[in-house]
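J.: Have a look at this one before I ask anything.
Please treat every number below as a calculation from the coordinates, not as lab data. Predicted, not measured: the structure shown is a model, and the values here were computed from it. Reconstructed Cβ throughout: ideal geometry from the backbone, glycine too, with neighbour counts over all protein chains shown.
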Amino acid sequence: MELYLIRHGIAVERGVYAQDCDRPLTDKGRDRTRRVAQRLEQLGLHFDLILTSPFLRASQTADIFYDMGLGNSLETSALLEPDSAIEPWLVWLKAWPQRQGSCLAVVGHEPNWSDWTEQLIFGEPLGHLRVKKAGVVGLSLPEQVSPLGNSELFWLAPPRLLL
């Protein structure tokens, strides 16, 4: 299975909105995210599902990818909120391929994506990786064993390398 972890685009600064979940993408964030999505389309990427955090900035990012035709479907999951643990999401993931496909895009937040990437590759978060806003991580997940500590990194791209 191919898993793409996509960090939301540039959002309005913290403190401007009463609740963090209400922070939208900025104009620059929407533009950069749209350009990243266009580049991924040019590279031939297509997702069976785009799964997104319910936070506005993530759902707006996912909408851009979906509207660009990069996914067959779009769903929201509270399992992807900031600071969520990976284990409940892995339970969801275990059931997903049998019903929907083998290429999944997941749109969310830091520090989740850095930590989750390291957990999937090394088995634990090491604190050495950072996923930039509108950045993309590509991982190959094994089918027969737990993906924790057994996944392979094949892509780590900040937006500046895609634009």
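J.: Percent antiparallel among DSSP beta bridges with both residues in the chain, to the nearest 5?
T.: Values: 11 of 25 bridges.
If we restrict to bridges inside the chain, about 45 percent are antiparallel.
J.: To continue, here is another question. With a 10 Å cut-off between alpha carbons and a GNM built on the chain, which of ALA11, ALA37, ALA78 moves the most?
T.: ALA78
J.: Still on this model: So for region 1-41, averaging the separation of alpha carbon pairs under 8 Å that are six or more residues apart and normalising by length, what relative contact order in percent results?
T.: 37
J.: May I ask you to give the average projected area over all directions of the convex hull of the Cα atoms of region 5-163, in nm² rounded to one decimal?
T.: Numbers: hull surface 35.1 nm².
Taking the Cα atoms of region 5-163, their convex hull projects to 8.8 nm² on average.
J.: Quote the relative contact order of region 2-162 in percent (integer), defining contacts as alpha-carbon pairs under 8 Å separated by 6+ residues.
T.: Values: 332 pairs, mean separation 45.1, N = 161.
Once normalised by length, the contact order is 28 percent.
J.: Further, regarding this structure: Just to confirm a number: summing +1 for Lys and Arg and -1 for Asp and Glu over residues other than GLY138 whose beta-carbon lies under 12 angstrom from that of GLY138, what do you get? All intermediate terms of the calculation are to be shown ahead of the outcome.
T.: Numbers: positive: none; negative: GLU2, GLU152.
Net of charged neighbours comes to -2.
J.: Additional query: Whole-Å semi-axes of region 1-97's equivalent ellipsoid, largest first, each the root of 5 times a Cα gyration tensor eigenvalue? Could you put the intermediate results ahead of the total?
T.: On the way: eigenvalues 95, 77, 17 Å².
Calculated on Cα positions only, the semi-axes equal 22, 20, 9 Å.
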